Amino acid sequence: MAGVSLRDVTIREGAQMPGREYGVDARIEAGRALDRLGVDAIQAGFPVVGETDREAIRRLSGGVDADVVGLARATTGDVDAALDADADVVEVIVPTSERQLTHVLGESWETALSMAGEALDRARDGGATAHLTLVDGFRTPTDRLVEAFAAFPAVATITVADTVGARTPDPVRTVVSDLCDRVDGDRVGVHFHDDLGVAVANTLAAVNAGATTADVSVASLGERAGNAALERVVVADAVDGEARHAGGESGGDCAAAVDRSELVPACRSVLDALGESVEPRTPVLGEAVTTHESGIHTAAMLDDPGTFEPFDPATFGGERRLVFGAGSGRGSARALLEAAGVEVTDERVATLLDRLAEAGPLDADAATALVRETFERGN
């Protein structure tokens, strides 16, 4: 997989969820955390919506290394609001599928193309970088997508959006591969929603097929089922890269150029800033994902953690927890005795299992301390 530019949409997409009202300070704090992680762009709001969005973009712009993006429909008012907010990038959105053209825009494709051109020109004339997103692009004929790329050769990034989360990896791969055969792949971006639960898989498929920019969101925050989860894309990309490297294939480096050691801390900082949380079993960020108590698991992981882990949490700023208690088996007890330098006997294993059941759940350090306390007393 070639290098991919990650554009975070957490703040803007998350704010569109029902009942959410992210204030300016919350957006600033979240944006700074994302900047520490090293994403290339931060979509901090939809400026025409109101002053909160405009002020958040205004304060972030120039205050972070990432480009700060303001979203705008293909209208003069939307673009002017983004320019007034000092957005580094004005992301113009325009429908491309027949459904969206008919029921959302109420205009023909030719008119939509003209509206997009005028909005892009206005953004550039106002001193911003202009990007374009093709709304419902993955339910649009590829010929029409190619036409949009050809119509705006000066636009460096044109994003094809799976606006309603209607696609799966195989058709995504086909569309992006075909598109990249016909246009400059360096200009192709993608944006996926998770309505079918495959936004991350779609993002990986699209990047493997040649897309070079991908929209992501912390913990999949976004409308309906959310967007491609930033943390899952980064970790999956890294795991795939390691697998390719181990297999002797080229392209073993990670495609997403972010500070991997900051991934979990930055994502948790974003969630805290926005007042959001995740369930314990949420991939990558959930506490249960890196907590192990099963006897078979913990016994093996005391020797080699990778036995039952797809990735080392520490690589991404996370933490592994081996838990010992009622669920621990004889293998775990034996491993704990050995780690504490206590001779292993069947009687000691049985005694330790009883103590763990009474005192647990305990982390590895506390369990080792329990071993020493128990057998130093001669039990």
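Largest GNM mean-square fluctuation across T96, T133, T168, computed for the chain with C-alpha springs under 10 Å, falls on T168. The alpha carbons of the stretch 1-87 stretch over 38, 26, 26 Å along the principal axes, in descending order.
If neighbour count is taken as other Cβ atoms inside 10 Å, put T111, T142, T10 in order from fewest to most.
Ranking T111, T142, T10 by Cβ neighbours within 10 Å, fewest first, gives T111, T142, T10.
Largest mean-square fluctuation among A256, A300, A201, in a Gaussian network model of the chain whose springs join Cα atoms under 10 Å apart, belongs to A300.
Listed values for the stretch 144-161 are Karplus-derived 3J(HN,Hα) couplings in whole Hz (6.51 cos²θ - 1.76 cosθ + 1.60, θ = phi - 60°), namely 5, 4, 4, 4, 5, 4, 5, 5, 10, x, 7, 7, 6, 10, 10, 9, 9, 9, and x replaces Gly and Pro.
For the chain, what is the calculated [θ] at 222 nm in deg cm²/dmol (nearest 500), taking -39500 (n - 2.57) for each run of four or more DSSP H residues and dividing by its residue count? Present the calculation step by step, with values, prior to reporting the outcome.
Details: 14 runs with 165 residues, N = 379.
Using -39500 (n - 2.57) per qualifying helix, the result is -13500 deg cm²/dmol.
Panel values: the stretch 107-163, Kirkwood radius from alpha carbon pairs, Stokes-Einstein at 37 °C and 0.692 mPa s, translational diffusion coefficient 280 µm²/s. By the compact-protein rule of thumb, 2.2 N^0.38 Å, the alpha-carbon radius of gyration of the stretch 287-376 corresponds to a ratio of 1.05. In the stretch 120-258, the ratio of gyration radius to Kirkwood radius, Rg to Rh, stands at 0.99 when only Cα atoms are counted. Here the Karplus curve 6.51 cos²θ - 1.76 cosθ + 1.60, taken at θ = phi - 60°, turns the phi angles of the stretch 98-114 into couplings of 4, 4, 5, 4, 6, 9, 10, 8, x, 9, 7, 4, 4, 5, 4, 5, 5 Hz, with x standing for Gly and Pro.
Shape index of the stretch 338-378: Rg/Rh, with Rg the Cα radius of gyration and Rh the Kirkwood radius from the inverse mean 1/r over Cα pairs, equals 0.92. Between A366 and D184, the FRET efficiency estimated from the beta carbon spacing at R0 = 41 angstrom works out to 0.10.
Taking other Cβ atoms within 10 Å as a rough exposure proxy, R281, R12 sort from fewest to most as R281, R12. Sum up the charges of everything whose Cβ sits under 10 Å from the Cβ of G226, counting Lys and Arg as +1 and Asp and Glu as -1, but leave G226 out. Charge balance near G226 sits at -3. For the stretch 50-65, the Karplus equation 6.51 cos²θ - 1.76 cosθ + 1.60, evaluated at θ = phi - 60°, returns couplings of x, 5, 4, 4, 5, 5, 5, 5, 4, 6, 6, 4, x, x, 9, 6 Hz by residue, with Gly and Pro reported as x. Look at the dipole of the chain built from charges on Cβ: of S261, A339, L353, the Cα furthest out on the positive end belongs to L353.
Bear in mind that the values in this text are calculations on the coordinates, not laboratory data. The structure displayed is predicted, hence computed values, not measured ones. So basically every Cβ, Gly included, is an ideal-geometry build from the backbone, and we count neighbours across all protein chains shown.
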